[in-house]
Amino acid sequence: MRLLLDVEDTAVTRQTAEALALVGTVAAVRLIALAVAEADGNQADWLQTGVRDALVGPVGVPDVAVACGKLARNPEEVVRRGAAEIAAWTDDAR
């Protein structure tokens, strides 16, 4: 979480979000969702940039949207809220 919410270096935030989005597992996207829920506006912008970079990158489309769908049923409200935000980013990237 410290890397995703690094207040000193936004490049770390973006790169960490991108790396986790490329993994695309529920566990990886859950970490991004938790960060999104805690992020200030600037951090959220860089988290979004990292996720979008993963979605449009040359590696292919990760399973971020599928993971968000699974996280929509998570018992933690903060995770559901963050996953909904990320899901909107994946819709915008298409």
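The values are calculated or read from the model by the stated rules, or taken from the named source; none is laboratory data. Source: prediction; values computed, not measured. Note that each Cβ is placed from the backbone with ideal geometry, even for glycine, and that neighbours are counted across all protein chains shown. For the accessible areas, the whole protein counts, side chains as well, though only heavy atoms, and no ligand, DNA or RNA atoms are used. Shrake-Rupley method; radii C 1.70, N 1.55, O 1.52, S 1.80 Å.
Of the conditions (1) among the hydrophobic types (A, V, I, L, M, F, W, C); (2) within 16 Å of residue 89 (Cβ to Cβ); (3) not in a loop (DSSP other than H, G, I, E, B), residue 4 fails just one. Which one is it?
Failed condition: (3).
Given the structure, is residue 53 acidic (Asp, Glu), farther than 20 Å from residue 13 by Cβ, at pLDDT below 95 and surrounded by 15 or more Cβ atoms within 10 Å (Cβ to Cβ)?
Values: acidic (Asp, Glu): yes; farther than 20 Å from residue 13 by Cβ: no; at pLDDT below 95: yes; surrounded by 15 or more Cβ atoms within 10 Å (Cβ to Cβ): yes.
So residue 53 does not fit the description; no.
Can you work out which of the residues in the stretch 60-82 that are at pLDDT below 90 and surrounded by fewer than 16 Cβ atoms within 10 Å (Cβ to Cβ) is farthest from the chain's Cα centre (by Cα)?
Of everything passing the filter in the stretch 60-82, 60 is farthest from the chain's Cα centre (by Cα).
Just to check your reading of the model, which residue among 55, 20 is under 9 Å from the mean Cα position of the chain (by Cα), of a type outside the set (Gly, Ala, Ser), under 18 Å from residue 90 (Cα atoms) and assigned to a helix (DSSP H, G or I)?
Numbers: 55 fails: under 9 Å from the mean Cα position of the chain (by Cα).
20 is the lone residue from the list that is under 9 Å from the mean Cα position of the chain (by Cα), of a type outside the set (Gly, Ala, Ser), under 18 Å from residue 90 (Cα atoms) and assigned to a helix (DSSP H, G or I).
What pairs can you find where one residue is in the stretch 8-37 and without any contact (Cβ under 8 Å) to a residue 12 or more places away in the chain, the other is of a type in the set (A, V, I, L, M) and open to solvent by 70 Å² or more (accessible area, probe 1.4 Å), and their Cβ atoms are less than 9 Å apart, with a gap of 6+ or different chains?
These pairs meet every condition: 12/3.
Could you list, in sequence order, all residues of the stretch 23-36 that are assigned to a helix (DSSP H, G or I) and modelled with pLDDT under 95?
Here is the first cut: in the stretch 23-36, the residues assigned to a helix (DSSP H, G or I) are 23, 26-36.
Passing the criteria: only 23.
Evaluate the stretch 43-57: report whether one residue or more is in contact with a Ser or Thr (Cβ under 7 Å, 6 or more places away or on another chain) and basic (Lys, Arg).
Taking every residue of the stretch 43-57 in turn, none turns out to be in contact with a Ser or Thr (Cβ under 7 Å, 6 or more places away or on another chain) and basic (Lys, Arg).
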